[in-house]
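The values are calculated or read from the model by the stated rules, or taken from the named source; none is laboratory data. Model, not experiment: these values are computed from the prediction. Cβ: placed from backbone, ideal geometry, glycine included. Neighbour counts: every protein chain shown. The area values use the complete protein model at the heavy-atom level, side chains included, leaving out ligands, DNA and RNA. Shrake-Rupley method; radii C 1.70, N 1.55, O 1.52, S 1.80 Å.
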Amino acid sequence: MKNDNHDSSEKLNEIIFAGRSNVGKSSIIRIITGKKVKVGKRPGVTLKPTSIQYPDFLITDMPGFGFMSGVKERKQDIVKDKIIKYIETNTSRIKLAVLVVDGSSFNEIVERWNSRGQIPIDIEMFDFLNEISIPVIIAINKADKIDPDRMDDVIDDIVEKFGLLPPWRQWIDQVAVISAKKNAIEPLTKLIRNRLQACGRNDLIKHLRY
C-alpha cells in the first residue's frame with residue numbers, strides 16, 4: 001500500500017473515492033476489495049491519498065475534506081488543495097471518481113453552507129470532476145439512518161443540490177444509495193463494474209471482491 005503519487009503510465013487505471021471525513025469511504029473500499037485502507041487516528045491527520053495497488057490498477061482513498069473537529073481551517077484548505085492537485089496530475093488514468101456523502105446529514109450541511117453564502121466543497125468537487133471529464137458516481141452512504149418513509153424525498157433533495165433534477169431514480173446510472181454499515185453496497189458495486197466494462201477493462205473486475 002502506498003501513500004504518494006504513482007507513475008502515471010497510460011496502462012495504469014485508477015478509481016478514486018472522495019468525500020468528507022467520516023462518510024465511510026474506507027469502509028466501502030474494505031467491503032469492495034476485502035482489504036483495509038490505512039486511516040489516521042482522527043480526522044484531518046492524513047493529508048496524502050492512500051491506495052490499494054494491483055499490477056495495473058489503483059483504488060485510492062482520498063483524504064477527507066471539509067470541516068474537521070480540532071483541525072485548523074488552514075489545514076482543511078491544504079487537504080482540499082492536495083486533492084485537487086492529485087486529481088489534476090493523474091486525470092489521464094482516473095477512470096472513475098466515487099463521491100461519498102452522508103445521506104443522513106448532507107442536506108443539513110449544504111443548507112448551513114448556503115446560509116453563509118458558501119458553496120459546499122462536496123458540490124465544488126462534483127462540478128470540478130465533471131469539468132475535467134472524470135465520470136462521477138454519487139454514493140449516498142448511511143441510508144440506514146434515513147427514515148424509510150422519507151427516503152425518496154431525502155434522496156431527491158440530495159441529487160437536486162448537485163444540480164440533478166428529481167426524481168433521483170432517473171439517475172440510477174450515476175447515484176447509488178447504500179449502507180456500508182449494513183454491507184448493502186450492491187448499487188455502487190454494480191455501477192463500478194459497469195464503468196470498468198465501458199472502459200473495456202473487464203479484467204479489472206476480478207479485483208472487486210463484493
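If I compute solvent accessible area with a 1.4 Å probe over the protein chains, what percent of it on segment 74-206 is carbon and sulfur? Roughly 47 percent, rounded to a whole number.
The phi torsions of segment 169-180, fed into the Karplus equation with coefficients 6.51, -1.76 and 1.60 and a -60° offset, translate into couplings of 5, 6, 10, 5, 8, 9, 10, 10, 9, 9, 9, 5 Hz, rounded to whole numbers, with Gly and Pro shown as x.
Which of rounded, prolate or oblate describes segment 81-210 when judged by the alpha-carbon gyration tensor and an a/c cut-off of 1.5? Cα axes put segment 81-210 in the oblate bin. When ARG195, ARG112, ARG209 are compared by accessible area at a 1.4 angstrom probe, the order from most to least is ARG209, ARG112, ARG195. Can you tell me how segment 143-210 classifies by the Cα gyration tensor, rounded, prolate or oblate, using a/c under 1.5 as the rounded cut? Oblate, because a/c is 1.5 or more while a/b does not exceed b/c. Think of each Lys and Arg Cβ as +1 and each Asp and Glu Cβ as -1; about the Cα centre, that makes the dipole of segment 66-175 roughly 680 debye.
With the cut-off at 1.5 for a/c, could you classify segment 121-173 from its C-alpha gyration tensor as rounded, prolate or oblate? In terms of gyration-tensor shape, prolate.
FRET efficiency for ARG201 and ASP77, Cβ-Cβ distance as r, R0 = 25 Å, nearest 0.05?
Result of the calculation: an efficiency of 0.10.
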